[in-house]
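S.K.: Quick one: structure below, then a few questions.
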Amino acid sequence: MGVIEKCFSYTRSREGKASGYYPFFVSFDGRADGVARLSDGRELVMCGSNDYLGLSTDPRVTAAAAGAAHRHGAGCTGSRLLNGNLELHERLESELAAFFGKPAALLLTTGYQANLGAIAGLCGPGDTVFVDKDAHASLIDAVRLSRARLQWFAHNDTADLAEKLARHPGRGGRLVAVDGVYSMEGDLCPLPELVRVCEEFDATLLVDDAHGAGVLGGGRGTCEQFGLTDRVPLITLTFSKSFGSIGGAVLGDEEVIEYLRHHARSLLFSASSSPANTAAALAALEIVRTEPWRCETVLKTAEFMRRELSALGYRTGSSETPIVPVDTRDELHTVVGWKRLMEEGVYVNAVLPPAASPRLRTSYTAVQTDEHLERTLAAFAAVRGDLAPVLSDAP
């Protein structure tokens with residue numbers, strides 16, 4: 001079958017749309033303060049966003065974005081290497097390094113590109129990258145781009161990692177890549193043990209803290225939460241979660257960042273982050289720095305929802321973060337639950353293989369009100385009958 005012919009035999013998405021149970025590419029027409037408006041005018045409580053601190057629509061953030069666009073234009077139209085580098089980019093790098101406690105930072109256009117740049121910029125044929133089996137797709141793609149050897153280890157299993165490192169001493173370098181917070185389960189990596197194992201086997205540790213930055217450790221992320229920032233050589237970030245924008249960064253020693261500045265292909269061969277996105281992330285960073293109540297609030301909200309959803313009979317896994325998965329066991333119950341919750345006025349994410357095992361991924365923000373949470377719990381109570389076979393208290 002040719003590269004085009006297979007497209008004509010793909011019918012799954014069309015079948016889902018025809019049945020009314022297609023949970024992807026939902027069209028939105030606005031959102032603010034915990035509520036999203038669909039293109040058909042319906043308003044739903046948004047429990048499927050990564051906007052953990054509620055900053056993407058904060059007037060200070062949007063004003064900063066608008067001001068930068070007026071001053072610098074809509075885009076930079078070139079890579080940072082040649083003609084797309086702004087003082088705004090460099091200021092954000094400096095502020096990120098200072099806030100997260102690392103010597104230097106490198107700004108890239110997306111979080112995805114930050115991981116590609118870090119791993120493919122540092123690793124190559126002859127090196128081995130050990131990746132947690134639940135790690136984000138961008139880490140996996142980065143290893144493939146680097147042409148280094150990819151070696152999986154069991155999720156959050158440092159004993160398995162140690163065994164793999166012992167069995168693959170190799171002649172090249174060794175890098176261990178993990179998520180700080182896993183985006184589908186909401187659980188944390190076992191950072192103290194990871195640091196110990198990496199130091200024992202002389203492997204470099206990279207923590208992708210896309211979902212931990214801005215939330216944990218007073219906003220400084222997973223490494224700060226464990227007090228181990230100084231012992232994690234590489235941290236990557238994205239601005240599309242807590243920082244309400246889009247973009248990414250690599251944090252590390254000055255020499256490492258300078259090397260990546262000249263070897264990270266995802267930086268060198270991509271247009272730089274737009275002025276608006278950069279200014280938005282900079283404004284959001286300042287809010288995270290000065291309003292720590294947002295981090296505290298979102299964690300308390302998630303803990304409340306975990307407790308109340310469990311009381312309704314739902315399985316919520318081992319989450320410790322604003323991400324609270326609801327186990328649905330199979331694809332049918334996932335899409336039925338997603339649709340029924342939409343009908344009850346609540347939006348969540350339907351997660352299906354191969355992304356992860358079937359589940360409803362709920363997530364919470366610092367700007368959701370008690371009324372939003374009550375409406376969400378009422379919706380989950382209303383759909384219990386549809387999800388009875390997967391409830392923890394079901395016979």
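S.K.: Give the residue that is most open to solvent (accessible area, probe 1.4 Å), with candidates limited to residues of the range 303-353 that are basic (Lys, Arg) and outside any helix (DSSP H, G or I).
M.R.: Only one residue tops the list, namely Arg329.
S.K.: Let me ask something additional. Give the residue that is nearest to Trp338 (Cα to Cα), with candidates limited to residues of the range 1-46 that are under 22 Å from the mean Cα position of the chain (by Cα) and in a loop (DSSP other than H, G, I, E, B).
M.R.: Selected residue: Pro23.
S.K.: Among what's in the range 184-193 and is of a type outside the set (Asp, Glu) and not in a strand (DSSP E or B), pick the residue that is surrounded by the most Cβ atoms within 10 Å (Cβ to Cβ).
M.R.: Cys189
S.K.: In addition: Is it the case that Ser270 is surrounded by fewer than 24 Cβ atoms within 10 Å (Cβ to Cβ), of a type in the set (Gly, Ala, Ser) and either at pLDDT 95 or above or under 30 Å from Ala18 (Cα atoms) (or both)?
M.R.: yes
S.K.: Just for the range 351-395: of the residues that are β-branched (Val, Ile, Thr) and farther than 15 Å from Val45 by Cβ, which one is farthest from the chain's Cα centre (by Cα)? Spell out how you get there, then give the answer.
M.R.: We begin by selecting, within the range 351-395, every residue β-branched (Val, Ile, Thr); these are 351, 362, 365, 367, 369, 376, 383, 390.
Subset that is farther than 15 Å from Val45 by Cβ: 351, 390.
Numbers: Val351: 15, Val390: 27 Å.
Only one residue fits best here, namely Val390.
S.K.: Please find, among Ala356, Ala366, Ala378, the residue that is surrounded by fewer than 20 Cβ atoms within 10 Å (Cβ to Cβ) and either part of a loop (DSSP other than H, G, I, E, B) or modelled with pLDDT under 95 (or both).
M.R.: Only one candidate qualifies: Ala356.
S.K.: List every residue pair whose Cβ atoms sit under 7 Å apart, with the two residues 6 or more apart in sequence or on different chains, where the first one lies in the range 26-48 and is touching a residue at least 60 places away in the same chain (Cβ under 8 Å) and surrounded by 13 or more Cβ atoms within 10 Å (Cβ to Cβ) and the second, anywhere, is basic (Lys, Arg) and in a loop (DSSP other than H, G, I, E, B).
M.R.: Close Cβ pairs satisfying both conditions: none exist.
The values are calculated or read from the model by the stated rules, or taken from the named source; none is laboratory data. As the structure is a prediction and not an experimental result, all values here were calculated from the model. Note: ideal-geometry Cβ built from the backbone for every residue, glycine included; neighbour counts use all protein chains shown. The area values use the complete protein model at the heavy-atom level, side chains included, leaving out ligands, DNA and RNA. Shrake-Rupley method; radii C 1.70, N 1.55, O 1.52, S 1.80 Å.
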